1. In the chain, which Cys residues have no partner Cys with a Cβ closer than 4.7 Å?
2. List the pairs from LYS115/LYS281; LYS154/LYS297; LYS269/LYS297; LYS249/LYS298; LYS88/LYS284 whose alpha-carbon separation is above 24 Å, in the order I gave them.
3. Which Cα, out of SER346, LEU365, ILE300, lies furthest along the positive dipole direction of region 193-376 (beta carbon charges, K/R +1, D/E -1)?
4. In the neighborhood of CYS191, defined by Cβ-to-Cβ distances under 10 Å, what is the net charge if each Lys or Arg adds +1 and each Asp or Glu adds -1?
5. At q = 0.20, 0.25 Å⁻¹, what base-10 log of I(q)/I(0) does the Debye formula yield for region 138-216 when every alpha carbon is treated as an equal point scatterer in vacuo?
6. Would you mind counting up the charge near GLY164? Only other residues with Cβ under 13 Å from its Cβ, with Lys and Arg at +1 and Asp and Glu at -1.
7. Explain nothing, just compute: Karplus ³J(HN,Hα) = 6.51 cos²θ - 1.76 cosθ + 1.60, θ = phi - 60°, for every residue of region 175-188 in order, whole Hz, x for Gly and Pro.
8. Over 10 Å intervals from 0, what percent of Cα-Cα pairs in region 193-376 sits in each interval?
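Here, each number is a calculation from the coordinates, and none is a lab measurement. Quantities reported herein were computed from a predicted structural model and do not represent experimental measurements. Cβ placement follows ideal geometry from the backbone for every residue including glycine, while neighbour counts extend to all protein chains displayed.
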Amino acid sequence: MDYDQLKQDIIDYSKTIGIDKIGFTTASTFEEMRIRLIKQQELNYQSGFEEKDIEKRVNPSLLLDQPKSIISIALAYPSKMKERVTSKKGARRGIFCRASWGTDYHVVLRDRLSKLEKYIMERVPDALCKSMVDTGELVDRAVAQRAGVGWSAKNCAIITPEFGSYVYLGEMITNLPLSPDTPMEDQCGECNKCIDACPTGALIQGGQLDAQRCIAFQTQTKGFLAEEFREKLGNRIYGCDTCQTICPKNKGMDFHNHIEMEPDPEIAKPLLVPLLTISNKEFKEKYGHISGSWRGKKPIQRNAIIALAHFKEESAVTDIIGVMKNDPRPVIRGTAAWALGKIGGSESKQALVAISNSETDPEVLQEMQDALAHLSS
């Protein structure tokens, strides 16, 4: 078997199935990443969503028998909408981050990896392959960096020269001995714009993230949002793009290479008020195909209430009062109370006083009392 020719054939085939960039690396252990992950764990910087076994995240031999290589792929996604909708008084809108525009990227990348696997198996029937996207064990960024797809940037993203950091990553471990590509050198230099711009200071230093403080992580939690994060949320209802949009390497980067990734403006930037009372069925029908729906509607609804407070949207007061009075979930009722305190007005104050008399949940009651105190002051 001429493995150099096979590698070139894989590269050529990848271009025919919509893979924008491909790189190859060895299946050796990611020693530097192990050190970083241990440090993350010691500092309690991890999100809790990732694989908990650090060895599985850095050692490919625990995931596939006698691996020889890892193939890293990248697909570029849009940074701008072709059609735009406007958020205005009386019709305020929230925003899903760019990584949640279009069809769930897990689905799109698994499709490309599945086609790539099929091609490899046709060429080498006894080949072993294991593919993964984001929720797999390996650290996508570590694989992509070592495979020469891009460099690991200070904003904790992979930046490619061709597409900036607006790329989805996936990888395939295989027992085929494919020659590795050269890792890409860091090109961030002295630039610290992403670190300076992070709304919550989650980027502790170049390449280190306190996920617990990251707005993107906070938008996905299901409990009450801490006050400091409510104030920073703005109109984000899922994810955060600040460290990408501020990056000079992303200037002018906007690619529309994949129809599945094209955003529907009414979904990517939805009206906020209708989200407050959307049913589970309606939510799944409208948003179920995007990655931002994976935690269900509760975090999205909580964030939508906070966004309305951010806008001080007086026209939404009646709807928020309805939520505070009727929603069965304490987090949603309590967040609605907080929002009324922020928006203000006599209608908000009267509702807080009246409904607090029948509220039994202690956390919700505290939110109501805090909101009333805020209005009084």
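1. Result for the chain is CYS97, CYS129, CYS156, CYS188, CYS191, CYS198, CYS214, CYS240, CYS247, no neighbouring Cys Cβ within the cutoff.
2. LYS115/LYS281; LYS154/LYS297; LYS249/LYS298; LYS88/LYS284
3. Of the candidates, ILE300 comes out farthest on the positive side.
4. Charge balance near CYS191 sits at +1.
5. Result of the Debye calculation: -0.92, -1.24.
6. +1
7. Values, residue by residue: 8, 7, x, 8, 5, x, 8, 7, x, 8, 6, 4, 10, 6 Hz.
8. Result returned by the calculation: 9, 33, 33, 19, 6, 1.
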